[in-house]
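Only one structure is covered here, and it is reproduced in the block below.
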Amino acid sequence: MKTFRYVGFLMIISGAALWGVSGPMIQWLFQNSSLTSSKFLIVRLLLAGIITLTLLYLTKKNIFGVWKHPRHWIQLIIFGILGMLGAQYAFIETIHVSTAVTAVLFQFLGPVLITIYVAIQTKKLPTAMQLLAVVSALMGTFFLITNGSVENIILSKEAITLGLLTTLGFTFYTLHPTSLIKEWGTVVIIGWGMLIGGVALFIYNQDFSVVHLAHSLTFSTLSILLLVIISGTLSFILYIGSLKYLNATETSLLSSIEPLVAAIVSMIWLNESFGIYQLLGGLLITTAVVFLSMPIERSKKKLKVE
């Protein structure tokens, strides 16, 4: 059991790091090309979905079984449109109208909602250590984004609205597919979720043209686009897959390294400033991860003593 938890920790930390890196890459794309959020997501979701499902099919995985059960495929379609597409579109648009780090900040507010939801569902208050981890992570995120001053956050109404939708989307795609994953597997559900989301957005944007898109991209922008697709796909698979070994609260809190990674990459690659309070924020976020792993270890030791 302990080995499985370590696998879960490794999966969520790797997934969070990949997602943290993808944010600045997307910001760079918007700064150096005429790519829009819709066009970017159509390419990203369709390619990632098709590649994932094709690989599963070639390895003789049952990718069509979920469609034989009405309750499951209805749940899958809801996940694909509201969870996969909804969360990613809000996240990408937040990057487009603000910055990658700001988008990650709003995404990370999801753990607060998840912790509250789990507490209500189980009718149990979060442990003291979980609450401490939430507070530490939120304080760290605040310092990381604002450098200690609320006045440094200057967002438009559009950015705030999209950011809050990112929060809701992150919460939804964490909680909604857990039963589907247990029944059909992580990669199958993620693959279909991406394909469904991509098809839905393609139908909505009928003016999308592959030829026009190809002509608008340079070698550099195309390379970054492909890297974003690969890192984003792996990130979603690792994140959702970690739910097999960790509960939703642990998974969401461990993803707190995302803003730290996004800030570091933005500082090095996009030449964004990184102040002393932001360094403090990174330390607090790392501390939150340590806090989160402590309760179970202690409870195990207590049981062994008794």
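Just a few scattered comments:
- Residue in the range 69-81 that is farthest from residue 161 (Cα to Cα), counting only those that are open to solvent by 30 Å² or more (accessible area, probe 1.4 Å) and among the hydrophobic types (A, V, I, L, M, F, W, C): 73
- Within the range 172-192, the set of residues being more than 14 Å from residue 47 (Cβ to Cβ), in a helix (DSSP H, G or I) and open to solvent by less than 20 Å² (accessible area, probe 1.4 Å) comprises 173, 174, 180, 181, 186, 188, 189.
Here's the yes/no breakdown for (1) touching a Phe, Trp or Tyr at 6+ places or on another chain (Cβ under 7 Å); (2) among the basic types (Lys, Arg); (3) open to solvent by less than 10 Å² (accessible area, probe 1.4 Å):
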{"residue": "216", "(1), (2), (3)": "no, no, no"}
{"residue": "221", "(1), (2), (3)": "no, no, yes"}
{"residue": "228", "(1), (2), (3)": "no, no, yes"}
{"residue": "234", "(1), (2), (3)": "no, no, no"}
{"residue": "245", "(1), (2), (3)": "yes, no, no"}
{"residue": "261", "(1), (2), (3)": "no, no, no"}
{"residue": "266", "(1), (2), (3)": "no, no, yes"}
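- One residue from 50, 42 being out of contact with any Ser or Thr (no Cβ under 7 Å at 6 or more places or on another chain), open to solvent by 20 Å² or more (accessible area, probe 1.4 Å) and in a helix (DSSP H, G or I): 50
- Filtering the range 111-123 to residues that are surrounded by fewer than 24 Cβ atoms within 10 Å (Cβ to Cβ) and touching a residue at least 24 places away in the same chain (Cβ under 8 Å) leaves 112, 113, 114, 115, 117, 118.
- Taking first residues from the range 2-29 that are closer than 11 Å to residue 104 by Cβ and partners that are open to solvent by 50 Å² or more (accessible area, probe 1.4 Å), the Cβ contacts under 6 Å between residues at least 6 apart in sequence or on separate chains come to 24/269.
- Failed condition for residue 3, given (1) open to solvent by less than 40 Å² (accessible area, probe 1.4 Å); (2) under 23 Å from residue 257 (Cα atoms); (3) out of contact with any Leu (no Cβ under 7 Å at 6 or more places or on another chain): (1)
- Residues (among the aromatic types (Phe, Trp, Tyr) and under 22 Å from residue 263 (Cβ atoms)) located in the range 61-120: 91, 106, 108
- Taken over the range 202-212, the criterion of being part of a helix (DSSP H, G or I) and more than 26 Å from the chain's Cα centre (by Cα) is satisfied by 210, 211, 212.
- Of all the numbered requirements in (1) farther than 30 Å from residue 73 by Cβ; (2) among the small types (Gly, Ala, Ser); (3) not in a loop (DSSP other than H, G, I, E, B), residue 148 misses one, and that requirement is (3).
- Residue 185 vs. criteria out of contact with any Pro (no Cβ under 6 Å at 6 or more places or on another chain), of a type in the set (Gly, Ala, Ser) and at pLDDT 85 or above: yes
- Any chance residue 57 is open to solvent by 70 Å² or more (accessible area, probe 1.4 Å) and either farther than 17 Å from residue 186 by Cβ or of a type in the set (Val, Ile, Thr) (or both): no
- With respect to (1) more than 17 Å from the chain's Cα centre (by Cα); (2) touching a residue at least 60 places away in the same chain (Cβ under 8 Å); (3) assigned to a helix (DSSP H, G or I), the lone exception for residue 126 is condition (3).
- Selected residue [in a loop (DSSP other than H, G, I, E, B) and within 30 Å of residue 131 (Cα to Cα)] from 279, 234, 246: 246
- Restricted to the range 82-99, and to residues there that are assigned to a helix (DSSP H, G or I) and of a type in the set (Ser, Thr, Tyr), the residue that is surrounded by the fewest Cβ atoms within 10 Å (Cβ to Cβ) is 89.
The values are calculated or read from the model by the stated rules, or taken from the named source; none is laboratory data. All figures in this text were calculated on a predicted structure; none of them were measured in a lab. Here the Cβ is made from the backbone with ideal geometry for all residues, glycine too, and neighbour counts use every protein chain on show. Note: accessible area is taken over every heavy atom of the protein model, side chains too, but ligands, DNA and RNA are not part of it. Shrake-Rupley method; radii C 1.70, N 1.55, O 1.52, S 1.80 Å.
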